[in-house]
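See below for the structure under consideration.
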Amino acid sequence: MELTHILQYLIIAVVLIVISLVIVKLNHKNFNLEVNKLVSYLGGKDNILDTEANMSRFKVTLKDVTKVDKEGIQKLGAKGIVEIDNQLKIIFGPEARALKKYINEIK
């Protein structure tokens, strides 16, 4: 009887681990999709000169700020956008560092 309980708990644990891995994988795909949208809203990867991340802020230096779709960026979850010369400071929250890393990888 005890062996069957152990097997049942083991099966439940394996199922939960598989479900967790699937959820993590789906969230990662969504993140990549959102970052690709962000790059396009910033005018494409050729328009991005430099990126920085500081706490919740994502700062991007652009060739041409007029190519930016600020409404699109806000729909992705930006809490605020400040434009100074050819730079945008975008408040994204804790994802800012991950955004910087991903955008630097695709450039």
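Yes/no matrix, rows are residues, columns are (1) touching a Ser or Thr at 6+ places or on another chain (Cβ under 9 Å); (2) closer than 19 Å to Glu105 by Cα; (3) open to solvent by less than 80 Å² (accessible area, probe 1.4 Å); (4) at pLDDT below 85:
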position	(1), (2), (3), (4)
Leu3	no, no, no, yes
Gln8	no, no, no, no
Ile12	no, no, no, no
Val15	no, no, yes, no
His28	no, yes, no, yes
Tyr41	no, yes, yes, no
Lys45	no, yes, no, no
Ile48	yes, yes, yes, no
TODO: Among the residues of segment 74-84, count how many are open to solvent by less than 80 Å² (accessible area, probe 1.4 Å) and of a type in the set (Lys, Arg).
DONE: 0
TODO: With the condition kept exactly as written, say whether any residue in segment 85-93 is surrounded by 12 or more Cβ atoms within 10 Å (Cβ to Cβ) and among the polar types (S, T, N, Q).
DONE: yes
Task: Count of segment 51-66 residues which are assigned to a strand (DSSP E or B) and surrounded by fewer than 13 Cβ atoms within 10 Å (Cβ to Cβ) - done: 1
Task: Within segment 67-107, tally of residues that are touching a Lys or Arg at 6+ places or on another chain (Cβ under 8 Å), more than 15 Å from Ser40 (Cα to Cα), modelled with pLDDT of 90 or more and outside any strand (DSSP E or B) - done: 1
Task: Single unsatisfied condition, Val82 versus (1) among the β-branched types (Val, Ile, Thr); (2) free of Cβ contacts under 8 Å to residues at least 12 places away in the same chain; (3) touching a helix residue (DSSP H, G or I) at 6+ places or on another chain (Cβ under 9 Å) - done: (3)
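The values are calculated or read from the model by the stated rules, or taken from the named source; none is laboratory data. From a predicted model like this one, the values you see are computed outputs, not experimental measurements. In this analysis, Cβ positions are derived from the backbone assuming ideal geometry, glycine residues included, and neighbour counts consider all displayed protein chains. All accessible areas refer to the heavy atoms of the entire protein, side chains included, with ligands and DNA or RNA removed. Shrake-Rupley method; radii C 1.70, N 1.55, O 1.52, S 1.80 Å.
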